[in-house]
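The values are calculated or read from the model by the stated rules, or taken from the named source; none is laboratory data. All values reported here derive from a predicted model rather than from experimental measurement. Cβ coordinates were reconstructed from backbone atoms using ideal geometry, including for glycine residues, and neighbour counts include every protein chain displayed.
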Amino acid sequence: MYAYIYGTLEEVDSQQVVIEANGIGYHIFVPGLILQKLPSKGSKVKLYTYMHLREDCQELYGFLEKEEKIFFEKLITVSGVGPKAAIGMLSTLTVNQLALAILTGDRKTLCKAPGIGKKTADRIILELKDKIDKDAMSFSDTASASPGSWSNERMEAFQALQALGYGAAEAESALAGLEEKDASALIRLALRKLDNPGR
């Protein structure tokens, strides 16, 4: 229907926005993490949109990046995951964190999203694991390079952190921004960050 909507940001609340374009106000549901990135009210904004048609209404969902919309569309292909659940996941985790959790089978991280239980998380992993392009995980929602481009040392450190019980998103975040070192040094530095999250 609509590839994107470009207009003036008129209203913002905890789950949705209103964008005025050509005299029409569009009600658009937006993930919480994306709401935080929006400009101030009165500014121009472009949202890539997905229209969900139901018997009783039509709903628009909006995203700042095309890749976010594509990932949303992947999520709602999974049995039991509707648009609201997918928005909840993208409100809790970035696209890179979600993709990494799916690729590594990290159920614990997926279950952080509201309404996602163990069975649904397992279904998401099963149905999407082969549909995620590792090399495409490079847009700017994390401070680290995409897992597909990590060195062997960084990947070894990542796997070691997971073996210690940390989720994929936690491990990736802990390794983000660390200079290249051998695996044991990366693990030590990452554990220091995890033990002192405020520093």
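What about Asp141, is it out of contact with any Lys or Arg (no Cβ under 8 Å at 6 or more places or on another chain), closer than 16 Å to Met89 by Cα and modelled with pLDDT under 85? So Asp141 passes the test. Residues in the range 60-83 that are part of a loop (DSSP other than H, G, I, E, B), in contact with a Lys or Arg (Cβ under 9 Å, 6 or more places away or on another chain) and of a type in the set (A, V, I, L, M, F, W, C): Leu64, Val78, Val81.
For Ile19, are the conditions met, namely being more than 29 Å from Thr120 (Cβ to Cβ) and crowded, with 19+ Cβ neighbours inside 10 Å? In short, yes.
Number of residues in the range 157-188 that are surrounded by fewer than 16 Cβ atoms within 10 Å (Cβ to Cβ) and over 24 Å from Thr92 (Cα atoms): the value is 7. Look at the range 59-73: where a residue is without any contact (Cβ under 8 Å) to a residue 60 or more places away in the chain and buried (at least 19 other Cβ atoms within 10 Å of the Cβ) and a partner is of a type in the set (Asp, Glu) and outside any helix (DSSP H, G or I), sitting 6+ places away or on another chain with Cβ atoms under 9 Å, you get Glu68/Asp141. A single entry from Lys46, Lys84, Lys41 fulfils the requirement of being out of contact with any strand residue (DSSP E or B) (no Cβ under 7 Å at 6 or more places or on another chain) and among the basic types (Lys, Arg): Lys84.
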